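Everything on this sheet refers to the single structure shown next.
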Amino acid sequence: MDLDWGYRQPLEDISGTVAIVGIGETGYSKASGRSAREIGAEAAERAIADAGLVPTDIDGLTYSGTFADFSVAEFHEHFGTSHHIWSSPWGGGMAWAGTAPYLAAQAIASGAARHVLNVFPVAWATQRASMTGGPGEVHAAQSLKQNLEVPFGFFPQPVYFATIMRRHMIEFATTREQFAAVAVTLRRHANLNPSAVFHDKPLSVEEYLNAPMIADPLCLFDSCPISDGGAAYITTSVERARDLCHSAVVVQGVAEGYSGSGTHWAQQRAFTSTPQVFSAPDAFAMAGIGPSDVDVLTAYDPFTIVSLMQLEDMGFCAKGESGAFAESGALAFDTGSLPYNPHGGLLSHAYVLGIAHVVECVKQLRGTAAAQVQECEVAVYGGYTGHMASTLVLSKDR
Amino acid sequence: MAIARSTFPLPDVDDPLTAPFFAASAHDELAIPHCDVCEEFVWYPQRECPTCAGALEWKAVSGRATLFSWAVVERVFLPAFAEQVPYVTALVAIDEDPRVRLCTYLVEADATMLRADDRCEVIFRDLAFPTVPDATVRVPMFRVIQPDA
């Protein structure tokens, strides 16, 4: 395959040096009336308590510089603390939910921090009433999109991904029933998870096929909702992790890859691929594993087509075969060969931009997930943010 | 949407990076930036050739293209499009270099009859939105043509 459309970011080998020791989640919902800051504070509180730490133990903080709702100032104000906290704006959610442990590993190795909190809150459902936030706003502000895409109705994300979905159907004969398999599997998972926004809302293939189109061929159930909610996790050294209350979840591999055309999907040479092509192989190499060693995969799924492309690009099936792979039942948490987004994913759990995916990996490895995968030793997060993909390999402490 | 420009979602014809595109379109010409040294089109427009850092010249092209992908947009995402849905937004690959994909409207299209790689030709239309009174911008749209047309 032609591989000049993107590139990999070489990272140092941090395999086996750090572990995730605390996780915290808020409720997930439609518009909650809460601010992202409140949500972030609650997620942070719960992660700190889960790790058996106190706020003054947190001396490192990674957050999203793009959506800086809960950074160091908010941390101190919420907890009434004033100690020095090392921080980086290159954490939070999306692809960075997968690379934040790498930043933590570097800070821990250099002595800059000991317990690093990564937090990502979202209140887009609440903000929607005032027409702020949401995935489209950042894009509408870019001049090339304003001039060459938006005027032609090529906006926002559901339209971009409808054209990618169409092209996948053209190139690989992918069917609507195959996209339905992703949506229906994730809805089944959400129905086993009381915290999912779509809990108690079953979905059948027939309902999928009869659903209204958003941008044909992309229908209502190919797209995730807009949600409120947030989560956080704490990374520390493996040695320190073994002193804390939970069994440690060890970071075995991290990698990131980029598309050369950025978020200009229309111009991405490999139109039906994600930069996981450049990321997943590096993360698996760092971890010393292959795709067949993965017991559970959580991957960024704003649209069903993104699920399918990442399955291919991460090497879980050949390019173009993800539709048949999904339709075969491979993604079911209990009977599938590759349990996928057992919490329900962005599509049916909540659109909190990947942070809950990483938390789900930790729960699966602890054995405390709502839809628990049996004998789960290796969990992988596939992050995706348009121009960037990340891969995080986690395992039980050995 | 926090977009300050009052003519949004019409294009900003004064933006230096894309102004020549709309200037050409104003007299029914489709033009794409080209590096004469590397003999390559560069799309989207950039300030200089990404390969040799040389100057880019806007070059007129035939307006013939093939249909790469498309979506029939039913949902209203911006108030400006409320009266326009459903519409067909498309990516067309120009004959001179199929790596150049234009985001455009397919007009006069029966969405159920569209096929990948359908032959298309440019047709210039005045773009207007009800939310932007008294303003139009002439832009390239496309329509499907018969293979031997």
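The values are calculated or read from the model by the stated rules, or taken from the named source; none is laboratory data. Here the structure is a predicted model, which is why all the values come from computation and not from measurement. Reconstructed Cβ throughout: ideal geometry from the backbone, glycine too, with neighbour counts over all protein chains shown.
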Practice task
Determine whether segment A:224-233 contains at least one residue that is crowded, with 20+ Cβ neighbours inside 10 Å, assigned to a helix (DSSP H, G or I) and touching a strand residue (DSSP E or B) at 6+ places or on another chain (Cβ under 7 Å).
Solution key: no
Problem - Neighbours by Cβ (under 7 Å, 6+ apart or cross-chain): first from segment A:353-382, more than 26 Å from residue A:226 (Cα to Cα); second surrounded by fewer than 24 Cβ atoms within 10 Å (Cβ to Cβ) and at pLDDT below 95 - result: A:366/A:246; A:366/A:247
Problem - Output for segment A:165-180, where each listed residue is surrounded by fewer than 24 Cβ atoms within 10 Å (Cβ to Cβ), assigned to a helix (DSSP H, G or I) and more than 7 Å from chain B (Cβ to nearest Cβ) - result: A:169, A:171, A:172, A:176, A:177, A:178
Practice task
For segment A:259-281, enumerate the residues that are within 13 Å of residue B:69 (Cα to Cα) and within 9 Å of chain B (Cβ to nearest Cβ).
Solution key: A:266, A:267, A:271
Completion exercise
Over segment B:3-55, the set of residues touching a residue at least 40 places away in the same chain (Cβ under 8 Å) and farther than 30 Å from residue A:136 by Cβ is B:28, B:40
Problem - Pick from segment B:71-98, criterion touching a residue at least 40 places away in the same chain (Cβ under 8 Å) and under 13 Å from the mean Cα position of the chain (by Cα), ranking: farthest from the other protein chains (Cβ to nearest Cβ) - result: B:94
Exercise for the section: Give me a count of the residues in segment A:62-103 that are farther than 19 Å from residue A:37 by Cβ and among the aromatic types (Phe, Trp, Tyr). Expected result: 3
Practice task
Might you let me know whether segment B:105-116 holds any residue that is more than 9 Å from chain A (Cβ to nearest Cβ), under 13 Å from the mean Cα position of the chain (by Cα) and part of a strand (DSSP E or B)?
Solution key: yes
Problem - Top-ranked residue of segment A:330-378 - restricted to ones that are part of a helix (DSSP H, G or I) and among the polar types (S, T, N, Q), ranked as nearest to the chain's Cα centre (by Cα) - result: A:348
Practice task
Kindly establish whether residue A:195 is surrounded by fewer than 17 Cβ atoms within 10 Å (Cβ to Cβ), among the small types (Gly, Ala, Ser) and more than 7 Å from every other protein chain (Cβ to nearest Cβ).
Solution key: no
Completion exercise
Among residues of segment A:148-204 being without any contact (Cβ under 8 Å) to a residue 60 or more places away in the chain and among the aromatic types (Phe, Trp, Tyr), the residue farthest from residue B:103 (Cα to Cα) is A:155
Exercise for the section: Within segment B:62-79, track down each residue that is buried (at least 20 other Cβ atoms within 10 Å of the Cβ) and outside any loop (DSSP other than H, G, I, E, B). Expected result: B:65, B:67, B:68, B:69, B:70, B:71, B:72, B:73
Fill in the blank from the handout: Restricted to segment A:276-329 and to residues being part of a helix (DSSP H, G or I) and among the hydroxyl-bearing types (Ser, Thr, Tyr), the residue farthest from the chain's Cα centre (by Cα) is A:292
Practice task
Could you grab me the full set of residues in segment A:54-73 that are crowded, with 20+ Cβ neighbours inside 10 Å and not acidic (Asp, Glu)?
Solution key: A:58, A:60, A:61, A:62, A:63, A:64, A:67, A:70, A:71
Problem - Only one of A:121, A:158 that is within 14 Å of chain B (Cβ to nearest Cβ) and touching a strand residue (DSSP E or B) at 6+ places or on another chain (Cβ under 8 Å) - result: A:158
Practice task
Residue by residue through segment B:15-32, note down the ones that are more than 10 Å from chain A (Cβ to nearest Cβ), outside any helix (DSSP H, G or I) and either of a type in the set (Asp, Glu) or surrounded by fewer than 20 Cβ atoms within 10 Å (Cβ to Cβ) (or both).
Solution key: B:27, B:28, B:29, B:31
Exercise for the section: Test residue A:17 against the criterion of being farther than 28 Å from residue A:257 by Cα and touching a Ser or Thr at 6+ places or on another chain (Cβ under 9 Å), and give yes or no. Expected result: no
